[in-house]
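K.L.:
Let me give you the structure first, and then I'll get to my questions.
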Amino acid sequence: MVNNRKRLGWVLWFIIVGFLGGCASVNSGNDGQVQSYPAPIIEAEWIRNGEPIEYDGSKWYPANDYEVLEDSEVFQIIEYKGVQVFVEKIAVKPYDRIYTKFDKNKFRYFERRDND
């Protein structure tokens, strides 16, 4: 009888601990399981040097500014020199801006220069 109570106590303990452990969540930074793109530790040197992205027959130069966008507001169009390049989901061609991500919710924008 004592062994059965001990065993029942252990079973209940495991059930409670298992339930509480299952209810705990770790915030991965991806609230609501929306699309998430990694941010680099440091922005690529070629971007910091002002080099353009060649896309869609044009050269796109980095601005010395950025926009605050959520990952769910952009989608990747290409990868250029190892860097993901994005446009806003609401944008249509011809794009006014393209973006690279350099921090959480921070996207450097690039503008086309047609005279190059």
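K.L.:
Working only within the stretch 89-101, note down all residues that are outside any loop (DSSP other than H, G, I, E, B) and open to solvent by 50 Å² or more (accessible area, probe 1.4 Å).
P.N.:
Just the residues of the stretch 89-101 that are outside any loop (DSSP other than H, G, I, E, B), to begin with: 97-101.
Of everything in the stretch 89-101, just one residue is outside any loop (DSSP other than H, G, I, E, B) and open to solvent by 50 Å² or more (accessible area, probe 1.4 Å), namely R97.
K.L.:
What about F75, is it under 14 Å from the mean Cα position of the chain (by Cα), of a type outside the set (V, I, T), closer than 20 Å to R113 by Cβ and modelled with pLDDT of 90 or more?
P.N.:
Working: under 14 Å from the mean Cα position of the chain (by Cα): yes; of a type outside the set (V, I, T): yes; closer than 20 Å to R113 by Cβ: no; modelled with pLDDT of 90 or more: yes.
Criteria not met by F75.
K.L.:
Is there any pair linking a residue in the stretch 84-102 that is at positive phi to one that is acidic (D, E) and part of a strand (DSSP E or B), with Cβ under 7 Å and at least six apart or on different chains, and which?
P.N.:
none
K.L.:
Report, by residue number, each residue of the stretch 40-82 that is surrounded by 14 or more Cβ atoms within 10 Å (Cβ to Cβ) and more than 26 Å from V92 (Cβ to Cβ).
P.N.:
If the condition is that a residue be surrounded by 14 or more Cβ atoms within 10 Å (Cβ to Cβ) and more than 26 Å from V92 (Cβ to Cβ), then P40, E43, A44, W46, E51 are the ones that fit.
The values are calculated or read from the model by the stated rules, or taken from the named source; none is laboratory data. Computed from a predicted structure; not experimentally measured. Cβ atoms come from the backbone with ideal geometry, glycine included; neighbour counts cover every protein chain shown. Each accessible area value is taken on the protein alone, full model and side chains, heavy atoms only, with ligands, DNA and RNA left out. Shrake-Rupley method; radii C 1.70, N 1.55, O 1.52, S 1.80 Å.
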